[in-house]
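Engineer: Got a structure here, written out as structure tokens. Questions coming.
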Amino acid sequence: MSEPRRSSLAIMLSAWQALFLREALARISGGRARWFWVLFEPVAHKVFIIILMVTVRQRVVAGMDVVVWVTLGILAFFMFRRPASQGIEAINANSTMFAYRQVRPVDTVIVRAALEAFLMILIGILAFAILALFNRNIVPDDPLMVVSAMFGMWLFGLGFALALSVPCELVDEIDKLVKFLMMPLYFLSGVIFPITMVPYPFNQWLLYNPLLHGVEAVRVGFSRNYHAMPGLDLGYLYAFAVCLIFIGLAMHVRFVTRLIAK
């Protein structure tokens, strides 16, 4: 008897599972300290900013404990940055997999973004476990809002990777420009300084940055006492994310042949 024919959805999910396991194993076997560096980067950012805040005698930021404020900001931003930066490089890193007709360039971007989200969840659990050891509050007042904001940041990172992975793969100079823009986004998203400190009308201009809405929404959902700047809208972040995903998918469909042949 012949085996039942699998549906397109089943084939796609099998390809994603194989790619996910391949990416995860590559992280483990890439070197003895590979997992250490995966965890160390966001932790190093957090420790540096906390030391800086403590040095200037800053204990509370906009009604929230500075340690929790910094932790939430960095975790939220890295939920965007890691899927975005790693997803952009996914096509080049998995080019040999395109010999299998079941694997398309778009699959590698989506799977790598999913893996980065999984790693960030582990890093978040570790960060909050450390906070609990130092008697910090780790229970959010509005868990649904925190999860929604974090998912929005990941969704934006996925859209960012989908939309820019194609031009970055076809034109090398664009990849360098994208890496250069990550640092300004880090500062303009309210990760290391409260937006309420920025004078009017410059703080209103920062609201055009969708990442700022996600970072601040995580803090608002974590503590009702947090004094966020008026005008924050989580829907604005989701609208940008959906638009980028649509643009990215369209570009992958248009240039799939060139990406595979490159």
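Engineer: From the list GLY190, GLY159, exactly one residue is under 19 Å from the mean Cα position of the chain (by Cα), closer than 20 Å to LEU75 by Cα and at pLDDT 95 or above. Which is it? Steps first, answer last, please.
Structural biologist: On the way: GLY190 fails: at pLDDT 95 or above.
Selected residue: GLY159, the only one of GLY190, GLY159 that is under 19 Å from the mean Cα position of the chain (by Cα), closer than 20 Å to LEU75 by Cα and at pLDDT 95 or above.
Engineer: Have a look at PHE128, PHE156, PHE134, PHE98 and point out the one that is more than 30 Å from GLU173 (Cα to Cα), of a type outside the set (Ser, Thr, Tyr) and surrounded by 15 or more Cβ atoms within 10 Å (Cβ to Cβ).
Structural biologist: Residue meeting the stated conditions: PHE128.
Engineer: Taking the options VAL171, VAL166, name whichever one is farther than 23 Å from VAL70 by Cα and more than 20 Å from the chain's Cα centre (by Cα).
Structural biologist: VAL171
Engineer: How many residues does region 103-139 contain that are at pLDDT 90 or above and of a type in the set (Gly, Ala, Ser)?
Structural biologist: Number satisfying all stated conditions: 3.
Engineer: Assess whether PHE118 counts as being more than 30 Å from PHE255 (Cα to Cα), out of contact with any helix residue (DSSP H, G or I) (no Cβ under 7 Å at 6 or more places or on another chain) and either touching a residue at least 24 places away in the same chain (Cβ under 8 Å) or hydrophobic (A, V, I, L, M, F, W, C) (or both).
Structural biologist: no
Engineer: Give me a count of the residues in region 160-205 that are surrounded by fewer than 16 Cβ atoms within 10 Å (Cβ to Cβ), of a type outside the set (S, T, N, Q) and in contact (Cβ under 8 Å) with a residue 12 or more places away in the chain.
Structural biologist: 3
Engineer: I'd like to verify a number: residues in region 98-115 that are in contact with a helix residue (DSSP H, G or I) (Cβ under 7 Å, 6 or more places away or on another chain) and under 17 Å from ARG258 (Cα atoms), how many?
Structural biologist: Number of matching residues: 9.
Engineer: Look at region 212-259 and say how many of its residues are crowded, with 19+ Cβ neighbours inside 10 Å, closer than 30 Å to PHE98 by Cα and among the aromatic types (Phe, Trp, Tyr).
Structural biologist: Final tally of qualifying residues: 1.
Engineer: Among the listed residues ASP175, ASP142, identify the single one that is among the acidic types (Asp, Glu) and modelled with pLDDT under 85. Before you say what the answer is, go through the steps one by one.
Structural biologist: Values: ASP142 fails: modelled with pLDDT under 85.
Answer to the selection: ASP175.
Engineer: A further question follows. Tell me which helices (runs of 4 or more DSSP H) are completely within region 1-88 and hold 2 or more residues being among the hydroxyl-bearing types (Ser, Thr, Tyr) and modelled with pLDDT under 80, or say none if there are none.
Structural biologist: Counting at least 2 such residues, we get 8-29.
Results for (1) within 30 Å of ASP142 (Cβ to Cβ); (2) in a helix (DSSP H, G or I); (3) of a type in the set (A, V, I, L, M, F, W, C); (4) in contact with a Ser or Thr (Cβ under 6 Å, 6 or more places away or on another chain), shown as yes or no for each residue.
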residue: SER165; (1), (2), (3), (4): no, yes, no, no
residue: LEU177; (1), (2), (3), (4): no, yes, yes, no
residue: MET183; (1), (2), (3), (4): no, yes, yes, no
residue: GLY190; (1), (2), (3), (4): yes, no, no, no
residue: PHE193; (1), (2), (3), (4): yes, no, yes, no
residue: PRO199; (1), (2), (3), (4): yes, no, no, no
residue: HIS213; (1), (2), (3), (4): yes, yes, no, no
residue: ALA228; (1), (2), (3), (4): yes, no, yes, no
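Engineer: Let me ask you something else. Of (1) free of Cβ contacts under 8 Å to residues at least 12 places away in the same chain; (2) assigned to a helix (DSSP H, G or I), MET145 satisfies all except one. Which?
Structural biologist: (1)
The values are calculated or read from the model by the stated rules, or taken from the named source; none is laboratory data. Because the structure is a prediction, the values reported are computed rather than measured. Using ideal geometry, Cβ is built from the backbone for each residue, glycine included, and neighbour counts are taken over all protein chains shown.
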